[in-house]
């Protein structure tokens with residue numbers, strides 16, 4: 001009975017720890033969390049975009065954070081190691097987080113998915129899949145599902161363990177939209193797949209992504225005001241004539 005309780009308790013405590021770290025380290029650009037328990041220590045590996053936010057000055061913040069984890073989760077001798085993320089578009093959690101931010105600011109969901117897919121494949125991924133499901137239409141519309149994919153993504157069997165995935169929710173005015181990102185990292189060897197040439201994306205994806213990119217950078221195109229002609233020069237006052 002004790003062994004059964006231990007088997008159930010360990011994955012649940014690991015899940016709670018991962019959720020706690022994702023919430024606390026979201027501003028540091030947390031990409032993934034790996035927890036390995038050994039008889040001597042518990043090794044926690046964090047992949048983040050900005051390691052300086054976690055380490056702090058002279059390691060002050062990471063020491064305080066380690067002590068907090070030890071007391072909160074009753075972990076003996078936790079050891080935290082921080083790894084910097086070099087390619088954010090190969091990390092599903094960071095891609096999903098960025099996609100939800102675009103969606104929450106009012107960008108079109110389909111264009112956002114195309115943009116993210118293009119950047120993932122440009123980063124060198126073997127395959128990628130992005131699925132958005134929820135209140136994608138206007139307020140009061142039915143929930144629907146959009147999916148874009150490129151390259152090779154296994155759906156069943158042992159090769160699915162090699163796929164990195166993450167799910168993040170976007171809170172919009174019309175409702176919640178869930179974004180699921182699956183990525184096959186470069187260098188992954190699948191037993192049922194031979195290495196192929198680089199995937200060529202459709203032209204519709206290339207065209208849609210540029211619009212999202214310009215809007216994301218804050219560019220704004222202004223045209224001439226409607227119903228008004230070009231400005232005219234100021235003439236002499238009416239009712240007077242020059243002498």
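The values are calculated or read from the model by the stated rules, or taken from the named source; none is laboratory data. Note that the structure is a prediction, hence the values are computed from the model and not measured. A quick note on method: Cβ atoms are made from the backbone with ideal geometry, for glycine too, and the neighbour counts reach across all protein chains shown.
Does residue 112 count as within 21 Å of residue 186 (Cβ to Cβ), touching a helix residue (DSSP H, G or I) at 6+ places or on another chain (Cβ under 8 Å) and not in a loop (DSSP other than H, G, I, E, B)? Lay out the reasoning, then the answer.
Numbers: within 21 Å of residue 186 (Cβ to Cβ): no; touching a helix residue (DSSP H, G or I) at 6+ places or on another chain (Cβ under 8 Å): yes; not in a loop (DSSP other than H, G, I, E, B): yes.
Answer is no for this residue.
Specify which of the listed residues (132, 150) is part of a strand (DSSP E or B), at pLDDT below 90, in the same structural domain as residue 104 (by TED's automatic domain parsing) and under 25 Å from residue 31 (Cα atoms).
So the residue among 132, 150 that is part of a strand (DSSP E or B), at pLDDT below 90, in the same structural domain as residue 104 (by TED's automatic domain parsing) and under 25 Å from residue 31 (Cα atoms) is 150.
Have a look at 145, 161 and point out the one that is over 16 Å from the mean Cα position of the chain (by Cα), modelled with pLDDT of 90 or more and not in a loop (DSSP other than H, G, I, E, B).
Values: 161 fails: modelled with pLDDT of 90 or more.
Only one candidate passes the filter, namely 145.
For the range 38-64, what are the residues that are touching a helix residue (DSSP H, G or I) at 6+ places or on another chain (Cβ under 7 Å) and modelled with pLDDT of 80 or more?
Residues of the range 38-64 touching a helix residue (DSSP H, G or I) at 6+ places or on another chain (Cβ under 7 Å): 46, 48-49, 54-56, 61-62.
The answer is 46, 48, 49, 61, 62.
Of the residues 83, 103, 69, only one is over 30 Å from residue 174 (Cα atoms) and assigned to a helix (DSSP H, G or I); which? Explain how you work it out, then say what you get.
Working: 83 fails: assigned to a helix (DSSP H, G or I); 103 fails: over 30 Å from residue 174 (Cα atoms).
Every option except 69 fails the conditions.
Is the range 12-26 home to any residue that is over 30 Å from residue 118 (Cα atoms), touching a strand residue (DSSP E or B) at 6+ places or on another chain (Cβ under 7 Å) and either loosely packed, with under 15 Cβ neighbours inside 10 Å or not assigned by TED's automatic domain parsing to the domain that holds residue 149 (or both)?
yes
For every residue, the table says whether it meets (1) under 20 Å from residue 89 (Cα atoms); (2) out of contact with any strand residue (DSSP E or B) (no Cβ under 9 Å at 6 or more places or on another chain).
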{"position": "126", "(1), (2)": "yes, no"}
{"position": "132", "(1), (2)": "yes, no"}
{"position": "147", "(1), (2)": "yes, no"}
{"position": "157", "(1), (2)": "no, yes"}
{"position": "169", "(1), (2)": "yes, no"}
{"position": "172", "(1), (2)": "no, no"}
{"position": "184", "(1), (2)": "yes, no"}
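Quick one: which of 153, 130, 183 is without any contact (Cβ under 8 Å) to a residue 40 or more places away in the chain and crowded, with 17+ Cβ neighbours inside 10 Å?
On the way: 130 fails: without any contact (Cβ under 8 Å) to a residue 40 or more places away in the chain; 183 fails: without any contact (Cβ under 8 Å) to a residue 40 or more places away in the chain.
The conditions single out 153.
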